[in-house]
Amino acid sequence: MSAAASAESLTGLVRTFNRFYTRLIGVLDRGYLQTPFSVQEARVLYEIGSAPGSTAKEIAGRTGFDRGYLSRLVARLARARLLRRVDSLQDGRAQHLFLTASGMRAFRTLNERADVQVGAFLEPLQEGERRELSTSLRTVRHLLDPNASPEPVTVRKQRVGDLGWILHRQSVVYKTEFRYKDSFETYLCEGLAPYARNYNPSKDRLWVAEAGGRPLGFIAIHHVDDRPRWAKLRWFLVERDARGRGVGARLLSSAVAFCRKAGYDGIFLWTVSDLDPARRLYERAGFLLAEEKDDCEWAPWAREQRWELRLRPRPR
(Lines give C-alpha, C1' and ligand atoms only; values in the text may rest on other atoms or scores of the structure.)
Protein backbone atom coordinates (compact mmCIF):
# COMPACT_ATOMS: atom_id res chain seq x y z
CA MET A 1 0.00 0.00 0.00
CA SER A 2 1.37 3.42 -0.97
CA ALA A 3 1.85 6.19 1.59
CA ALA A 4 -0.99 8.15 -0.04
CA ALA A 5 -3.34 5.15 0.10
CA SER A 6 -2.38 4.47 3.70
CA ALA A 7 -3.07 8.09 4.68
CA GLU A 8 -6.39 8.01 2.85
CA SER A 9 -7.33 4.81 4.65
CA LEU A 10 -6.40 6.30 8.02
CA THR A 11 -8.35 9.47 7.21
CA GLY A 12 -11.37 7.36 6.40
CA LEU A 13 -11.05 5.41 9.64
CA VAL A 14 -10.89 8.59 11.72
CA ARG A 15 -13.90 10.09 9.95
CA THR A 16 -15.87 6.84 10.34
CA PHE A 17 -15.06 6.79 14.05
CA ASN A 18 -16.13 10.44 14.40
CA ARG A 19 -19.50 9.67 12.82
CA PHE A 20 -19.94 6.59 15.03
CA TYR A 21 -19.05 8.40 18.26
CA THR A 22 -21.13 11.52 17.64
CA ARG A 23 -24.13 9.24 17.00
CA LEU A 24 -23.28 7.12 20.06
CA ILE A 25 -23.32 10.03 22.52
CA GLY A 26 -26.08 11.96 20.78
CA VAL A 27 -24.09 15.04 19.78
CA LEU A 28 -26.51 15.73 16.93
CA ASP A 29 -29.66 15.28 19.00
CA ARG A 30 -31.88 18.33 19.41
CA GLY A 31 -31.34 18.25 23.18
CA TYR A 32 -28.03 16.83 24.46
CA LEU A 33 -28.54 14.08 27.09
CA GLN A 34 -32.29 14.80 27.01
CA THR A 35 -31.81 18.36 28.28
CA PRO A 36 -32.74 21.65 26.61
CA PHE A 37 -29.06 22.35 25.88
CA SER A 38 -26.98 21.82 22.78
CA VAL A 39 -23.66 19.98 23.19
CA GLN A 40 -21.84 23.32 22.83
CA GLU A 41 -23.91 24.94 25.59
CA ALA A 42 -23.34 21.90 27.78
CA ARG A 43 -19.60 22.22 27.22
CA VAL A 44 -19.61 25.88 28.34
CA LEU A 45 -21.61 24.96 31.46
CA TYR A 46 -19.10 22.19 32.16
CA GLU A 47 -16.09 24.48 31.77
CA ILE A 48 -17.51 27.13 34.09
CA GLY A 49 -18.78 24.58 36.61
CA SER A 50 -15.39 22.83 36.69
CA ALA A 51 -13.38 26.06 36.86
CA PRO A 52 -15.55 28.88 38.32
CA GLY A 53 -14.32 32.34 37.45
CA SER A 54 -12.88 31.37 34.07
CA THR A 55 -12.78 34.08 31.44
CA ALA A 56 -14.10 33.66 27.92
CA LYS A 57 -10.52 33.66 26.64
CA GLU A 58 -9.60 30.79 28.95
CA ILE A 59 -12.66 28.79 27.93
CA ALA A 60 -11.92 29.39 24.25
CA GLY A 61 -8.40 28.06 24.82
CA ARG A 62 -9.69 24.87 26.46
CA THR A 63 -12.52 24.20 24.01
CA GLY A 64 -11.24 25.57 20.70
CA PHE A 65 -14.48 27.54 20.22
CA ASP A 66 -14.31 30.65 18.06
CA ARG A 67 -14.35 33.72 20.32
CA GLY A 68 -17.35 35.25 18.53
CA TYR A 69 -19.32 32.00 18.69
CA LEU A 70 -18.40 31.55 22.37
CA SER A 71 -19.56 35.10 23.09
CA ARG A 72 -23.00 34.25 21.66
CA LEU A 73 -23.16 31.04 23.73
CA VAL A 74 -22.29 32.95 26.91
CA ALA A 75 -24.89 35.62 26.15
CA ARG A 76 -27.55 32.97 25.54
CA LEU A 77 -26.78 31.21 28.84
CA ALA A 78 -26.73 34.55 30.68
CA ARG A 79 -30.20 35.44 29.32
CA ALA A 80 -31.40 32.07 30.59
CA ARG A 81 -30.01 33.06 34.00
CA LEU A 82 -27.66 30.08 34.06
CA LEU A 83 -24.49 32.11 34.45
CA ARG A 84 -23.43 35.53 35.66
CA ARG A 85 -20.58 37.75 34.56
CA VAL A 86 -18.28 39.65 36.93
CA ASP A 87 -15.91 42.35 35.67
CA SER A 88 -12.25 41.57 36.22
CA LEU A 89 -10.37 43.85 38.61
CA GLN A 90 -7.12 43.21 36.76
CA ASP A 91 -8.35 43.61 33.18
CA GLY A 92 -11.24 45.95 32.39
CA ARG A 93 -11.87 44.15 29.11
CA ALA A 94 -12.34 40.71 30.74
CA GLN A 95 -15.17 39.17 32.70
CA HIS A 96 -15.12 36.18 35.05
CA LEU A 97 -17.92 33.68 34.53
CA PHE A 98 -19.80 31.88 37.31
CA LEU A 99 -22.81 29.59 37.31
CA THR A 100 -25.99 30.69 39.04
CA ALA A 101 -27.97 28.30 41.25
CA SER A 102 -29.95 27.24 38.17
CA GLY A 103 -26.72 26.85 36.23
CA MET A 104 -25.27 24.61 38.95
CA ARG A 105 -28.35 22.39 38.84
CA ALA A 106 -28.01 22.11 35.06
CA PHE A 107 -24.28 21.39 35.41
CA ARG A 108 -24.92 18.58 37.91
CA THR A 109 -27.70 17.10 35.75
CA LEU A 110 -25.46 17.06 32.68
CA ASN A 111 -22.59 15.49 34.61
CA GLU A 112 -24.78 12.80 36.14
CA ARG A 113 -26.45 11.91 32.83
CA ALA A 114 -23.11 11.81 31.01
CA ASP A 115 -21.75 9.41 33.66
CA VAL A 116 -24.82 7.20 33.35
CA GLN A 117 -24.57 7.21 29.54
CA VAL A 118 -20.89 6.24 29.48
CA GLY A 119 -21.46 3.67 32.24
CA ALA A 120 -24.07 2.01 30.04
CA PHE A 121 -21.53 1.80 27.18
CA LEU A 122 -18.92 0.22 29.47
CA GLU A 123 -21.20 -2.13 31.40
CA PRO A 124 -21.01 -5.08 28.90
CA LEU A 125 -17.20 -4.95 28.71
CA GLN A 126 -15.03 -7.49 30.52
CA GLU A 127 -12.05 -6.34 32.62
CA GLY A 128 -9.54 -7.04 29.85
CA GLU A 129 -11.67 -5.14 27.35
CA ARG A 130 -11.94 -2.16 29.72
CA ARG A 131 -8.16 -2.14 30.14
CA GLU A 132 -7.67 -2.32 26.36
CA LEU A 133 -10.12 0.55 25.81
CA SER A 134 -8.42 2.66 28.48
CA THR A 135 -5.02 2.15 26.90
CA SER A 136 -6.34 2.84 23.40
CA LEU A 137 -8.03 6.09 24.45
CA ARG A 138 -4.86 7.31 26.14
CA THR A 139 -2.84 6.37 23.05
CA VAL A 140 -5.16 8.35 20.77
CA ARG A 141 -4.86 11.39 23.05
CA HIS A 142 -1.08 11.02 23.17
CA LEU A 143 -0.74 10.78 19.38
CA LEU A 144 -3.16 13.54 18.40
CA ASP A 145 -2.54 16.06 21.17
CA PRO A 146 1.19 16.86 21.44
CA ASN A 147 0.42 19.55 24.04
CA ALA A 148 -1.23 17.12 26.44
CA SER A 149 0.62 16.73 29.72
CA PRO A 150 2.51 13.42 29.70
CA GLU A 151 1.10 10.71 31.93
CA PRO A 152 3.31 9.81 34.92
CA VAL A 153 5.60 6.84 34.26
CA THR A 154 5.25 3.75 36.44
CA VAL A 155 7.35 0.58 36.47
CA ARG A 156 5.57 -2.71 37.16
CA LYS A 157 6.53 -6.37 37.36
CA GLN A 158 5.85 -9.00 34.72
CA ARG A 159 2.35 -10.29 34.02
CA VAL A 160 0.85 -12.76 31.57
CA GLY A 161 1.28 -11.66 27.95
CA ASP A 162 4.39 -9.53 28.48
CA LEU A 163 6.84 -12.03 26.98
CA GLY A 164 4.94 -12.18 23.69
CA TRP A 165 4.71 -8.40 23.61
CA ILE A 166 8.43 -7.80 24.20
CA LEU A 167 9.29 -10.31 21.47
CA HIS A 168 7.03 -8.41 19.09
CA ARG A 169 8.27 -4.93 20.00
CA GLN A 170 11.97 -5.77 19.96
CA SER A 171 11.65 -7.59 16.65
CA VAL A 172 9.75 -4.70 15.04
CA VAL A 173 11.77 -1.82 16.51
CA TYR A 174 15.18 -3.31 15.74
CA LYS A 175 14.05 -4.15 12.20
CA THR A 176 12.44 -0.79 11.35
CA GLU A 177 14.55 1.62 13.39
CA PHE A 178 17.97 -0.03 13.49
CA ARG A 179 17.74 -2.14 10.28
CA TYR A 180 18.70 -5.40 12.03
CA LYS A 181 18.42 -8.62 10.02
CA ASP A 182 15.54 -11.03 10.52
CA SER A 183 17.88 -13.42 12.36
CA PHE A 184 17.62 -11.07 15.37
CA GLU A 185 14.05 -12.27 15.96
CA THR A 186 15.29 -15.87 16.02
CA TYR A 187 17.91 -14.88 18.60
CA LEU A 188 15.20 -13.33 20.78
CA CYS A 189 13.04 -16.45 20.56
CA GLU A 190 15.93 -18.63 21.65
CA GLY A 191 16.28 -16.61 24.87
CA LEU A 192 12.61 -16.38 25.75
CA ALA A 193 11.99 -20.12 26.11
CA PRO A 194 14.69 -20.76 28.78
CA TYR A 195 13.57 -17.67 30.70
CA ALA A 196 9.95 -18.84 30.82
CA ARG A 197 10.81 -22.49 31.47
CA ASN A 198 13.35 -21.86 34.26
CA TYR A 199 11.78 -18.75 35.81
CA ASN A 200 12.67 -18.34 39.50
CA PRO A 201 11.06 -15.30 41.18
CA SER A 202 14.00 -14.96 43.58
CA LYS A 203 16.50 -14.78 40.69
CA ASP A 204 14.56 -13.61 37.63
CA ARG A 205 12.43 -10.58 36.94
CA LEU A 206 10.91 -8.60 34.07
CA TRP A 207 9.86 -4.97 34.44
CA VAL A 208 7.60 -2.95 32.14
CA ALA A 209 7.47 0.86 32.16
CA GLU A 210 4.04 2.32 31.46
CA ALA A 211 2.30 5.67 31.24
CA GLY A 212 -1.49 5.67 31.39
CA GLY A 213 -1.52 1.93 30.76
CA ARG A 214 0.55 2.30 27.58
CA PRO A 215 3.82 0.29 27.60
CA LEU A 216 6.92 2.45 27.09
CA GLY A 217 9.73 -0.05 27.56
CA PHE A 218 11.00 -3.10 29.39
CA ILE A 219 14.05 -4.83 30.86
CA ALA A 220 14.70 -8.30 32.30
CA ILE A 221 17.11 -10.13 34.60
CA HIS A 222 17.70 -13.86 34.08
CA HIS A 223 19.87 -16.33 35.99
CA VAL A 224 22.11 -18.53 33.82
CA ASP A 225 23.61 -21.89 34.73
CA ASP A 226 27.08 -21.25 33.26
CA ARG A 227 27.58 -18.18 35.52
CA PRO A 228 25.52 -19.04 38.62
CA ARG A 229 26.60 -16.00 40.67
CA TRP A 230 26.01 -13.56 37.83
CA ALA A 231 22.76 -12.22 36.41
CA LYS A 232 22.17 -11.73 32.71
CA LEU A 233 20.46 -8.48 31.72
CA ARG A 234 18.20 -8.98 28.69
CA TRP A 235 15.58 -7.35 26.48
CA PHE A 236 16.21 -3.71 27.29
CA LEU A 237 14.16 -1.37 25.11
CA VAL A 238 12.54 2.06 25.40
CA GLU A 239 10.05 3.14 22.74
CA ARG A 240 11.22 6.04 20.59
CA ASP A 241 8.58 8.52 21.79
CA ALA A 242 9.46 7.82 25.45
CA ARG A 243 13.20 8.40 25.16
CA GLY A 244 14.65 11.37 26.96
CA ARG A 245 12.16 11.06 29.85
CA GLY A 246 14.39 8.98 32.12
CA VAL A 247 12.50 5.76 31.38
CA GLY A 248 15.63 3.79 30.48
CA ALA A 249 17.47 4.93 33.60
CA ARG A 250 14.51 3.91 35.81
CA LEU A 251 14.32 0.46 34.24
CA LEU A 252 18.06 -0.11 34.53
CA SER A 253 18.05 1.11 38.13
CA SER A 254 15.24 -1.33 38.98
CA ALA A 255 17.20 -4.21 37.48
CA VAL A 256 20.45 -3.35 39.30
CA ALA A 257 18.66 -2.89 42.64
CA PHE A 258 16.98 -6.28 42.25
CA CYS A 259 20.32 -7.97 41.52
CA ARG A 260 21.91 -6.44 44.61
CA LYS A 261 19.05 -7.64 46.78
CA ALA A 262 19.13 -11.11 45.18
CA GLY A 263 22.81 -11.46 46.14
CA TYR A 264 24.33 -11.65 42.68
CA ASP A 265 28.07 -11.01 42.38
CA GLY A 266 27.55 -9.08 39.17
CA ILE A 267 25.51 -8.40 36.05
CA PHE A 268 26.52 -8.95 32.43
CA LEU A 269 24.81 -8.20 29.15
CA TRP A 270 25.37 -8.49 25.42
CA THR A 271 24.68 -5.51 23.20
CA VAL A 272 25.77 -4.08 19.85
CA SER A 273 28.28 -1.26 19.39
CA ASP A 274 25.88 0.94 17.38
CA LEU A 275 23.41 1.35 20.27
CA ASP A 276 25.03 4.50 21.66
CA PRO A 277 22.23 5.72 24.00
CA ALA A 278 22.06 2.32 25.71
CA ARG A 279 25.84 2.20 26.06
CA ARG A 280 25.85 5.60 27.77
CA LEU A 281 23.27 4.33 30.26
CA TYR A 282 25.44 1.29 31.01
CA GLU A 283 28.51 3.44 31.50
CA ARG A 284 26.70 5.81 33.87
CA ALA A 285 25.53 2.80 35.90
CA GLY A 286 29.14 1.58 36.23
CA PHE A 287 29.23 -1.17 33.58
CA LEU A 288 32.56 -1.80 31.88
CA LEU A 289 33.28 -3.26 28.45
CA ALA A 290 34.56 -6.81 29.02
CA GLU A 291 34.58 -8.36 25.54
CA GLU A 292 34.08 -7.33 21.93
CA LYS A 293 33.58 -9.57 18.90
CA ASP A 294 34.67 -8.61 15.41
CA ASP A 295 31.17 -8.65 13.97
CA CYS A 296 27.51 -9.25 14.73
CA GLU A 297 25.27 -11.66 12.84
CA TRP A 298 22.17 -9.44 12.78
CA ALA A 299 24.05 -6.12 12.43
CA PRO A 300 27.15 -6.85 10.27
CA TRP A 301 28.22 -3.18 10.29
CA ALA A 302 28.68 -3.26 14.09
CA ARG A 303 30.35 -5.37 16.78
CA GLU A 304 28.77 -7.48 19.48
CA GLN A 305 29.87 -6.43 22.97
CA ARG A 306 29.70 -7.84 26.49
CA TRP A 307 29.43 -5.35 29.35
CA GLU A 308 29.76 -6.20 33.05
CA LEU A 309 28.95 -4.58 36.37
CA ARG A 310 30.54 -6.16 39.45
CA LEU A 311 28.31 -5.86 42.52
CA ARG A 312 30.57 -7.61 45.04
CA PRO A 313 34.36 -7.41 45.36
CA ARG A 314 36.38 -10.29 43.99
CA PRO A 315 37.17 -12.93 46.64
CA ARG A 316 40.82 -12.86 47.74
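The values are calculated or read from the model by the stated rules, or taken from the named source; none is laboratory data. What you are looking at is a predicted structure, and each value in this text was computed from that prediction instead of being measured. Reconstructed Cβ throughout: ideal geometry from the backbone, glycine too, with neighbour counts over all protein chains shown.
Observations on the structure shown:
- For the range 52-140, the helices (runs of 4 or more DSSP H) that sit wholly inside it and include 2 or more residues that are β-branched (Val, Ile, Thr) and surrounded by 11 or more Cβ atoms within 10 Å (Cβ to Cβ) are 56-63, 101-122.
- Among (1) surrounded by 11 or more Cβ atoms within 10 Å (Cβ to Cβ); (2) in a helix (DSSP H, G or I) - the single one Thr11 does not satisfy: (1)
- Residue in the range 118-135 that is in contact with a His (Cβ under 7 Å, 6 or more places away or on another chain) and outside the structural domain of Ala211 (by TED's automatic domain parsing) present: no
- Tabulated pairs, the range 253-278, first among the aliphatic types (A, V, I, L, M), second part of a helix (DSSP H, G or I) and modelled with pLDDT of 95 or more, C-beta under 6 angstrom, 6+ apart or interchain: Ile267/Cys259
- Check on Gly212, over 25 Å from Tyr264 (Cβ atoms), small (Gly, Ala, Ser) and either buried (at least 18 other Cβ atoms within 10 Å of the Cβ) or touching a helix residue (DSSP H, G or I) at 6+ places or on another chain (Cβ under 7 Å) (or both): yes
- For the range 202-213, the criterion of being closer than 25 Å to Gly263 by Cα and basic (Lys, Arg) is met by at least one residue.
- Residue count for the range 164-179 satisfying the condition of being more than 19 Å from Asp274 (Cβ to Cβ), loosely packed, with under 15 Cβ neighbours inside 10 Å and touching a residue at least 40 places away in the same chain (Cβ under 8 Å): 1.
- Of residues in the range 183-208 being touching a residue at least 40 places away in the same chain (Cβ under 8 Å) and part of a loop (DSSP other than H, G, I, E, B), the one surrounded by the most Cβ atoms within 10 Å (Cβ to Cβ): Lys203
- Leading residue by the ranking (nearest to Arg310 (Cα to Cα)) among those in the range 250-285 that are assigned to a strand (DSSP E or B) and β-branched (Val, Ile, Thr): Ile267
- Boolean, Pro146 is in a loop (DSSP other than H, G, I, E, B), out of contact with any Leu (no Cβ under 6 Å at 6 or more places or on another chain) and modelled with pLDDT of 90 or more: no
- Test result for Val44, in the same structural domain as Gly119 (by TED's automatic domain parsing), surrounded by 11 or more Cβ atoms within 10 Å (Cβ to Cβ) and modelled with pLDDT of 90 or more: yes
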